[in-house]
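Encoded as structure tokens, the structure appears first; notes follow it.
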């Protein structure tokens, strides 16, 4: 029902995902999989697209945290903002059998003055549907955006995580530096005025 | 030597700093100071300006980490990028006697789909010159950008810090949630292609 979107937009250039060298990552995949060959012919790793609102992208995210009620117009508005700013690399896994988004991770670029006007990366909002466990897809999506940050020229990438995920991220090359690996948060009562 | 810049640009609207309610912060200042009244008539808290390259902004940052050689043109280019993107709130303290930047902190806004297309804040690159210790200026600059994030409508602000700074950030209202307060980092060999 409803017309299919005639022309979908990618959030970022999908050809970037062809440049990732999975041999550069310390992460071990068994069997070996990559963003281009994710292990099943019906799985596709790609940038977020405008039509992913109808492919259950937000429902997938809701397994991670509170998403709230978001209309298609609101989704497209935020998508357009991210695309215009150019520093958002939301990367998804689609199940081509059901045309559903079954996982995603976000790489955000931050521009700095330090490190010779360097750029750094933040890993945000990693989720893979529970029903797809055992396919290394969590590792795949995280390594994908981690390698992408290197291709983009970042000097580092960092993330915040729960204790139980430390071994997982260590296996991918992330380090919890002794004496310097704390994340602290302040939550506000109000929100969402921008 | 050299002409003074005729018209300097602010990185963001300086009137935002008039909206901060320091009574909302759990941080205690003794004596009480605010962004508008930072305790000395010769101290000024304000957004980064284009002319701050000549006021030693980068020299101040170099007390924090490696800054590298940055020409004025490179500085102005990065400044223009940040200003165009609109989500960078680099906030500085100037000593009006010497016209030198003596501290700064950066608030970066990240746009999300989660939390009803919410926005969150990152605290980055906090530094205050050692020679200005004892004036509560570290606390002042951090509370300033923390309150600013609330005015902008963020649902949370987070930071990465060393162990020894945990009590300081707790006193300002930041929480290291049990089991969920890890920061991990991966550093790349290459950098800076964007």
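The values are calculated or read from the model by the stated rules, or taken from the named source; none is laboratory data. What you see is a predicted model, and the numbers here were worked out from it, not measured in a lab. Cβ placement follows ideal geometry from the backbone for every residue including glycine, while neighbour counts extend to all protein chains displayed.
Going by the conditions given, is residue A:127 assigned to a helix (DSSP H, G or I), in contact with a helix residue (DSSP H, G or I) (Cβ under 9 Å, 6 or more places away or on another chain) and at pLDDT 95 or above? Reasoning before the result, please.
On the way: assigned to a helix (DSSP H, G or I): no; in contact with a helix residue (DSSP H, G or I) (Cβ under 9 Å, 6 or more places away or on another chain): yes; at pLDDT 95 or above: yes.
So residue A:127 does not fit the description; no.
Of the residues that sit in the stretch A:38-64 and are under 14 Å from the mean Cα position of the chain (by Cα) and not in a helix (DSSP H, G or I), which one is nearest to the other protein chains (Cβ to nearest Cβ)?
Ranking the qualifying residues of the stretch A:38-64, first place goes to A:64.
Tell me, yes or no, whether the stretch A:4-12 has at least one residue that is touching a strand residue (DSSP E or B) at 6+ places or on another chain (Cβ under 7 Å), in a helix (DSSP H, G or I), over 15 Å from residue A:145 (Cβ atoms) and in contact (Cβ under 8 Å) with a residue 40 or more places away in the chain.
Step one: filter the stretch A:4-12 for residues touching a strand residue (DSSP E or B) at 6+ places or on another chain (Cβ under 7 Å), giving A:8-12.
Within this subset, residues satisfying the condition of being in a helix (DSSP H, G or I) are none.
No, because not a single residue in the stretch A:4-12 is touching a strand residue (DSSP E or B) at 6+ places or on another chain (Cβ under 7 Å), in a helix (DSSP H, G or I), over 15 Å from residue A:145 (Cβ atoms) and in contact (Cβ under 8 Å) with a residue 40 or more places away in the chain.
Answer yes or no as to whether residue A:105 is more than 8 Å from every other protein chain (Cβ to nearest Cβ) and either within 24 Å of residue B:166 (Cα to Cα) or assigned to a loop (DSSP other than H, G, I, E, B) (or both). It would help to see each step written out before you state the result.
Details: more than 8 Å from every other protein chain (Cβ to nearest Cβ): yes; either within 24 Å of residue B:166 (Cα to Cα) or assigned to a loop (DSSP other than H, G, I, E, B) (or both): no.
Taking the combined requirement at face value, the residue does not satisfy it.
On the basis of being outside any helix (DSSP H, G or I) and either more than 16 Å from the chain's Cα centre (by Cα) or touching a residue at least 12 places away in the same chain (Cβ under 8 Å) (or both), does residue B:171 make the cut?
no
When residue A:67 is evaluated against the numbered criteria (1) surrounded by 15 or more Cβ atoms within 10 Å (Cβ to Cβ); (2) part of a loop (DSSP other than H, G, I, E, B); (3) more than 8 Å from chain B (Cβ to nearest Cβ), which criterion, by number, is the only one it fails?
For residue A:67, the failing item is (3).
Given B:35, B:27, which one is over 23 Å from residue B:98 (Cα atoms), modelled with pLDDT of 95 or more, in a loop (DSSP other than H, G, I, E, B) and in contact with a helix residue (DSSP H, G or I) (Cβ under 6 Å, 6 or more places away or on another chain)?
After applying the criteria, what remains is B:27.
For residue A:26, indicate whether it is surrounded by fewer than 19 Cβ atoms within 10 Å (Cβ to Cβ) and either farther than 22 Å from residue B:188 by Cβ or more than 14 Å from chain B (Cβ to nearest Cβ) (or both).
Judged against the criteria, residue A:26 is not a match.
The rows are residues; the columns are (1) in contact (Cβ under 8 Å) with a residue 60 or more places away in the chain; (2) more than 10 Å from chain B (Cβ to nearest Cβ); (3) surrounded by fewer than 18 Cβ atoms within 10 Å (Cβ to Cβ).
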{"residue": "A:116", "(1), (2), (3)": "no, no, yes"}
{"residue": "A:158", "(1), (2), (3)": "no, no, no"}
{"residue": "A:167", "(1), (2), (3)": "no, yes, yes"}
{"residue": "A:180", "(1), (2), (3)": "no, no, yes"}
{"residue": "A:183", "(1), (2), (3)": "no, no, no"}
{"residue": "A:187", "(1), (2), (3)": "no, no, yes"}
